[in-house]
Amino acid sequence: MNNIKTLEQERAKFCLEKVKNIKSNQDKSNQDKFKTAARNLPSFIVSNGLIPTLAFYKSKAEKKEVYEIINEWLKERKIIENDALNYLVYKDFNTLRLATMEALALANWLKRIVEIELKEKE
């Protein structure tokens with residue numbers, strides 16, 4: 001058997017690992033803050049653009065973890081180097097467009113995984 005995975009599988013796996021880590025290492029209050037930040041991320045990117053969203057998420061302590069997840073993924077995909085916000089403000093439109101599409105795709109997976117893994121107690 002070969003180990004080839006689709007990009008969608010890779011995104012889902014990455015998000016699942018990150019959310020499970022937060023679930024096991026953070027208290028309920030921090031999990032709730034992370035959940036809210038992750039759920040809002042796709043709509044923020046669409047309505048405000050990637051750079052303003054990154055700036056907002058990086059500036060807020062309760063949203064910084066989501067920023068770090070996006071940053072790590074974009075580095076893994078070799079779209080950025082070092083820090084996403086500092087890198088993208090100086091890059092060309094094509095790089096920004098690619099980063100936006102990839103960040104939005106990951107944000108949608110993060111939102112889905114958060115809904116599954118960080119459910120409210122019933």
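Answer with yes or no whether Asn94 is polar (S, T, N, Q), under 12 Å from Cys15 (Cα atoms) and at pLDDT 95 or above.
Working: polar (S, T, N, Q): yes; under 12 Å from Cys15 (Cα atoms): no; at pLDDT 95 or above: yes.
Answer is no for this residue.
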*Odd one out for Ile22 among (1) among the aliphatic types (A, V, I, L, M); (2) surrounded by 14 or more Cβ atoms within 10 Å (Cβ to Cβ); (3) part of a helix (DSSP H, G or I); (4) modelled with pLDDT of 95 or more*: (4)
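Please verify whether Lys91 is of a type outside the set (Gly, Ala, Ser) and farther than 26 Å from Lys35 by Cβ, treating the condition exactly as stated.
Values: of a type outside the set (Gly, Ala, Ser): yes; farther than 26 Å from Lys35 by Cβ: yes.
Answer is yes for this residue.
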*Say whether the condition of being aliphatic (A, V, I, L, M), modelled with pLDDT under 95 and closer than 17 Å to Trp109 by Cβ is met by at least one residue in the range 45-52.*
no
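Among the residues of the range 25-32, is there at least one that is assigned to a helix (DSSP H, G or I) and within 24 Å of Glu8 (Cα to Cα)?
No: zero hits.
Please tell me if Lys58 is over 21 Å from Ala12 (Cβ atoms), under 13 Å from the mean Cα position of the chain (by Cα) and at pLDDT 95 or above.
Values: over 21 Å from Ala12 (Cβ atoms): yes; under 13 Å from the mean Cα position of the chain (by Cα): yes; at pLDDT 95 or above: yes.
So Lys58 fits the description; yes.
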*asked:* Quick check on Lys28: is it basic (Lys, Arg), surrounded by fewer than 18 Cβ atoms within 10 Å (Cβ to Cβ), at pLDDT below 95 and within 29 Å of Lys119 (Cβ to Cβ)?
replied: yes
*Give me a count of the residues in the range 61-75 that are under 14 Å from Phe34 (Cα atoms), within 9 Å of the chain's Cα centre (by Cα) and touching a residue at least 12 places away in the same chain (Cβ under 8 Å).*
5
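The values are calculated or read from the model by the stated rules, or taken from the named source; none is laboratory data. In this text, all values refer to a predicted model and were calculated from it rather than measured experimentally. All Cβ positions, even for glycine, are placed from backbone atoms using ideal geometry, and neighbour counts span all protein chains on display.
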